[in-house]
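S.K.: Please see the structure below; I have some questions.
The values are calculated or read from the model by the stated rules, or taken from the named source; none is laboratory data. Worth saying up front: this structure is predicted, and the values here are computed from it rather than measured. All Cβ positions, even for glycine, are placed from backbone atoms using ideal geometry, and neighbour counts span all protein chains on display.
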Amino acid sequence: MAIRVIEERGTGGATALPPAPVAVLGLGSFAIGTDMFVLAGVLTRTAADLAVAPSEAGLALAVYAGTYAIGAPVLGTLLGGRRLRPLLLGSIAAVGVAAVATALAPNLGVLMAARALAALAACVHVPAAAAAALAAVPAERRGRAAAVVPAGSSLAMVVGAPLGVVLADVASWRAAFALVALLAAGAGVGLWHAGAGAADLPRTTARERLRPLGSPAVVGVLGVSALLMAGSQAVHAHLDVLLTGGPGPVLAAMGVGGVLGTWCGGIAADRWGGHRVVIVAAVGLAAALVVVTADPGALGLLLAAVGWGAAAWACIPGQQHRLAGLTAGPLPVVLALNGTAVHLGFAAGTLLGGLALDAPGGGVDAVRLVVAACCGAGLLLHLLLTRRDRS
């Protein structure tokens, strides 16, 4: 049933009636999350089909992450103040087009171009969906509405990406991105009929977005985010190469851990402080990644993957808690910078993991060194920042 939005004449505002459009916004996030996470699970098949090395195919992951990191602040500035509805519909359509282009890619160059388009579409859709979710409900329901878009991404880790790997097993890696295209089409139809997006995207200037970077404390915390995510992504991006078995169950287990880590990390940060959460998460992340790459047996691998997902995703609320306490600017702007740092870490980790695999004498042990270096540097930087805060 379509949801009506009543415009309040003379006030420029809009009051949504039932909050059903919020669920549709979650479907768009689910499609984007599946698109983001599934390539790591089908990397070897993608590389074989395109006649390139897996580390070269992994560049498509780095392109996606790097494009998202750069595109999010730039497009957020350029599109501020625009109506949400056309942004939502246009961006989810672009996600579908990019998925089709990925599925039909005849070579690595086209694949990377398609992934760049997917990242640009995603970095428009995700903040627009978050803003639309908040605008679709009364003030007393905004907390739950704000959780819908991240929940879609979390569900994509648990269900979407593993389902794409299953499709790749029975058909082709291209079928995984055909699934993404179908999900994006379903989200687009749902958005069209639900009437979500009657408000405007919040307007910010480039100066407002960059002003928090004038704080050394903010830059330091963002550096911790980038380093820890680089350590995680050095393994995640090449999971299909590093594991002897299929990556589908591991991705699902990691997704379950991610859901738990996001929830528990937020509660723990409120109770004991973000700095303690980040310490525990950084140590747990490094330990879990070492176990994942050590062939610990089926059960040990799944348990380690749950720990990996929990530690990696617990870092995010822990870091957000840290940034919220710095009062270096509007919180949405500061948190958006943290998202950029996370994706820069994804790009760096993908490249470093690929270099470690391809280096003379490289392999799993070299990837573990990358993990140790990134997580160790992130933890050391975090401890130095915490010590300075207390002095």
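S.K.: Among residues belonging to the stretch 185-196 that are under 14 Å from LEU27 (Cα atoms) and surrounded by fewer than 20 Cβ atoms within 10 Å (Cβ to Cβ), point out the one that is modelled with the lowest pLDDT. Show your work before the answer.
M.R.: The first filter runs over the stretch 185-196 and keeps only residues under 14 Å from LEU27 (Cα atoms), leaving 185-194, 196.
Filter again for surrounded by fewer than 20 Cβ atoms within 10 Å (Cβ to Cβ), leaving 185-186, 189-190, 192-193.
Values: ALA185: 95, GLY186: 93, VAL189: 91, GLY190: 88, TRP192: 86, HIS193: 83.
If we take residues in the stretch 185-196 being under 14 Å from LEU27 (Cα atoms) and surrounded by fewer than 20 Cβ atoms within 10 Å (Cβ to Cβ), then HIS193 is modelled with the lowest pLDDT.
S.K.: For the stretch 346-372, what are the residues that are free of Cβ contacts under 8 Å to residues at least 60 places away in the same chain and either in a helix (DSSP H, G or I) or within 21 Å of the chain's Cα centre (by Cα) (or both)? So that I can check it myself, show each step before the final result.
M.R.: So the first thing to find is which residues in the stretch 346-372 are free of Cβ contacts under 8 Å to residues at least 60 places away in the same chain, and the list is 359-363, 365-366, 369.
Selection gives ASP365, ALA366, LEU369.
To keep it simple, each residue is scored yes or no on (1) closer than 22 Å to TRP313 by Cβ; (2) at pLDDT 90 or above; (3) of a type in the set (Phe, Trp, Tyr); (4) assigned by TED's automatic domain parsing to the domain that holds ALA312.
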{"position": "SER172", "(1), (2), (3), (4)": "no, yes, no, no"}
{"position": "LEU183", "(1), (2), (3), (4)": "yes, yes, no, no"}
{"position": "ALA198", "(1), (2), (3), (4)": "no, no, no, no"}
{"position": "ARG211", "(1), (2), (3), (4)": "no, no, no, yes"}
{"position": "MET229", "(1), (2), (3), (4)": "yes, yes, no, yes"}
{"position": "ALA234", "(1), (2), (3), (4)": "yes, yes, no, yes"}
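S.K.: Being among the charged types (D, E, K, R) and modelled with pLDDT of 90 or more is the filter here, so list the residues in the stretch 366-391 that pass it. It would help to see each step written out before you state the result.
M.R.: Step one: of the stretch 366-391, the residues among the charged types (D, E, K, R) are 368, 387-390.
Listed by number, the list holds a single entry, ARG368.
S.K.: Checking VAL371 against (1) within 30 Å of ALA128 (Cβ to Cβ); (2) among the aliphatic types (A, V, I, L, M); (3) crowded, with 21+ Cβ neighbours inside 10 Å: exactly one of these is not met. Which one?
M.R.: (1)
S.K.: Between a residue in the stretch 207-219 that is in contact (Cβ under 8 Å) with a residue 12 or more places away in the chain and any residue that is basic (Lys, Arg) and loosely packed, with under 14 Cβ neighbours inside 10 Å, which pairs come within a Cβ distance under 9 Å, given they are 6 or more apart or on different chains?
M.R.: Every condition considered, the pairs that remain are ALA217/ARG388.
S.K.: Does ARG322 count as within 20 Å of the chain's Cα centre (by Cα), assigned by TED's automatic domain parsing to the domain that holds PRO216 and not small (Gly, Ala, Ser)?
M.R.: Yes; evaluated as a whole, the condition is true for this residue.
S.K.: Please name all residue pairs, on different chains or six or more residues apart, with Cβ atoms under 6 Å, provided the first residue is in the stretch 118-146 and is farther than 30 Å from ALA105 by Cβ and modelled with pLDDT under 65 and the second residue is surrounded by fewer than 24 Cβ atoms within 10 Å (Cβ to Cβ) and not aromatic (Phe, Trp, Tyr).
M.R.: Hits for this filter: ARG142/LEU134; ALA145/LEU134; ALA145/VAL137.
S.K.: State whether the residues of the stretch 71-81 include one that is under 17 Å from the mean Cα position of the chain (by Cα) and over 23 Å from ALA187 (Cα atoms).
M.R.: yes
S.K.: Taking the conditions exactly as written (under 19 Å from LEU59 (Cβ atoms) and of a type outside the set (Gly, Ala, Ser)), does LEU381 satisfy them or not?
M.R.: Against the criterion (under 19 Å from LEU59 (Cβ atoms) and of a type outside the set (Gly, Ala, Ser)), LEU381 does not qualify.
S.K.: Suppose we filter the stretch 39-52 for residues that are of a type in the set (Gly, Ala, Ser) and surrounded by fewer than 17 Cβ atoms within 10 Å (Cβ to Cβ); how many remain?
M.R.: 2
S.K.: Pick from GLY90, GLY76, GLY28: which is assigned by TED's automatic domain parsing to the domain that holds GLY152, more than 23 Å from SER172 (Cβ to Cβ), in contact with a Lys or Arg (Cβ under 8 Å, 6 or more places away or on another chain) and not aromatic (Phe, Trp, Tyr)? Quick ask: steps written out before the conclusion?
M.R.: On the way: GLY90 fails: in contact with a Lys or Arg (Cβ under 8 Å, 6 or more places away or on another chain); GLY28 fails: in contact with a Lys or Arg (Cβ under 8 Å, 6 or more places away or on another chain).
Answer to the check: GLY76.
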